[in-house]
Amino acid sequence: MSNKRIVSGMRPTGKLHLGHYHGVLANWRKLQEEFECFFFAADWHSLTTEYENTDGIVESTYEMVLDWLAFGIDTKKSTVFLQSRVPQHAELNLILSMITPVSWLERNPTYKEMRENLSTKDLSTFGFLGYPVLMASDIIVYKATRVPVGQDQLPHLEITREITRRFNYLYGEVFPEPTALLTETPKVLGIDGRKMSKSYGNAIFLSETAEETSKKIMSMVTDTQRPRRSDPGEPDRCVAFTLHRLYTPEEEQARIVKECRGAEIGCVDCKKILAGNVVRELAPFREKRAELAAQPELVRQILEEGNSHASSEAAKTMQEVRKAIKL
Ligand code: SF4
């Protein structure tokens, strides 16, 4: 087993946007150069909140995986698979749920928060309370040593580590205790200045056309304290400039900062430059996405291969687990 194994998953929410690209995918792309990576579509996790309406999960999963493959996840380097096609996740989830105290799950900070935020859904279910156990299973069934997380996800990983320690204490050292691989990600704002999110309707999607992206960028909020073209602006207050920081070469950024502060450039021209840079950078990925979308059989085959490799690795772990618990 590699001692540099990483597991990371994403809930299928459909087509991905720039927030996912800079927040997750760009990082995965780097990690696959250094680690043995397992990336999975967490379709069972979708059931924790979407159990009443499961219609869109398969389609959302497919669209999400297309984005992964088009935007640089290389299946020669990484294993890409569907959680629900590797039943060992569920088997380990059941075993871990036997040893996980309910109090650990109740004190999970996101449990309360999500129940309050999603108050239109009935989340008083066993599955929702227990999703950190499924998460622990997703990770340790591959004996992952590192998990890429942001600062805000550390409490989740801590529950995984506690469950792992408890298993090893009760039955012997089967699992390595996974540690956090802290990742810094840029905050990507939507066109209205709030966090980019599909549910806010402010997202720029990876799969949209160059025209759609340009149109959205041209409607982006700028410095709200610059009402007229002749007023000096401040890029640090400007939502559009947050994207310049990600897509515009540094020299050009410096020129824009100077011209904005000196009222030498208008927001329309500034956003035209931005749109050009964003569209140019995304073009090769979008081209690849269109090619892959035209070959659904190939995508299915890639997933089948990923499912099969993940299953065989998970099966090895489960043999050890069954032996350890004497069943
Ligand atoms: S000129 Fe550019 S950086 Fe300045 S406020 Fe307008 S859009 Fe923002």
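The values are calculated or read from the model by the stated rules, or taken from the named source; none is laboratory data. Just so it is clear, the model here is predicted, and its values are computed rather than measured. Virtual Cβ from ideal backbone geometry, glycine too; neighbours counted across all protein chains shown.
Could you tell me whether segment 256-265 includes any residue that is within 12 Å of Met218 (Cα to Cα) and more than 8 Å from the ligand (Cβ to nearest atom)? Within segment 256-265 (the criterion being within 12 Å of Met218 (Cα to Cα) and more than 8 Å from the ligand (Cβ to nearest atom)), the answer is no, since none of the residues qualifies. Residue-level check: of (1) under 21 Å from Trp68 (Cα atoms); (2) assigned to a loop (DSSP other than H, G, I, E, B), Pro176 misses just (1). Of the residues making up segment 179-198, those that are out of contact with any Ser or Thr (no Cβ under 9 Å at 6 or more places or on another chain), within 30 Å of Asp223 (Cβ to Cβ) and not in a loop (DSSP other than H, G, I, E, B) number 1.
For segment 122-142, the count of residues that are in contact with a Lys or Arg (Cβ under 9 Å, 6 or more places away or on another chain), crowded, with 20+ Cβ neighbours inside 10 Å and modelled with pLDDT of 95 or more is at least one. Of all the residues in segment 221-248, those that are under 14 Å from Val279 (Cβ atoms), within 8 Å of the ligand (Cβ to nearest atom) and either in contact with a Lys or Arg (Cβ under 7 Å, 6 or more places away or on another chain) or in a loop (DSSP other than H, G, I, E, B) (or both) number 0. Of all residues in segment 112-155, which are out of contact with any helix residue (DSSP H, G or I) (no Cβ under 7 Å at 6 or more places or on another chain) and assigned to a helix (DSSP H, G or I)? Those that are out of contact with any helix residue (DSSP H, G or I) (no Cβ under 7 Å at 6 or more places or on another chain) and assigned to a helix (DSSP H, G or I): Lys112, Glu113, Met114, Arg115, Glu116, Asn117, Phe126, Gln151, Asp152, Gln153, Leu154. Of all residues in segment 266-279, those satisfying the criterion of being under 15 Å from Thr222 (Cα atoms) and more than 8 Å from the ligand (Cβ to nearest atom) are Val268, Lys272, Ile273, Ala275. For segment 28-103, the helices (runs of 4 or more DSSP H) that sit wholly inside it and include 1 or more residues that are surrounded by fewer than 16 Cβ atoms within 10 Å (Cβ to Cβ) and of a type outside the set (Asp, Glu) are 57-70, 88-99. Restrict the check to segment 10-33 and report whether at least one residue is over 30 Å from Asn277 (Cβ atoms) and in contact (Cβ under 8 Å) with a residue 40 or more places away in the chain. No; the residues of segment 10-33 include none that is over 30 Å from Asn277 (Cβ atoms) and in contact (Cβ under 8 Å) with a residue 40 or more places away in the chain. Going by the conditions given, is Asp236 more than 23 Å from the chain's Cα centre (by Cα) and surrounded by fewer than 18 Cβ atoms within 10 Å (Cβ to Cβ)? Yes: the conditions hold for Asp236.
Considering segment 206-218, the residues that are under 26 Å from the mean Cα position of the chain (by Cα) and farther than 12 Å from Asn277 by Cα include one that is farthest from the ligand (Cβ to nearest atom), namely Ser207.
Here Glu264 fits the description: touching a Lys or Arg at 6+ places or on another chain (Cβ under 8 Å) and within 30 Å of Asp231 (Cα to Cα). Out of curiosity, is Leu298 in contact (Cβ under 8 Å) with a residue 12 or more places away in the chain and part of a helix (DSSP H, G or I)? Taking the combined requirement at face value, the residue does not satisfy it.
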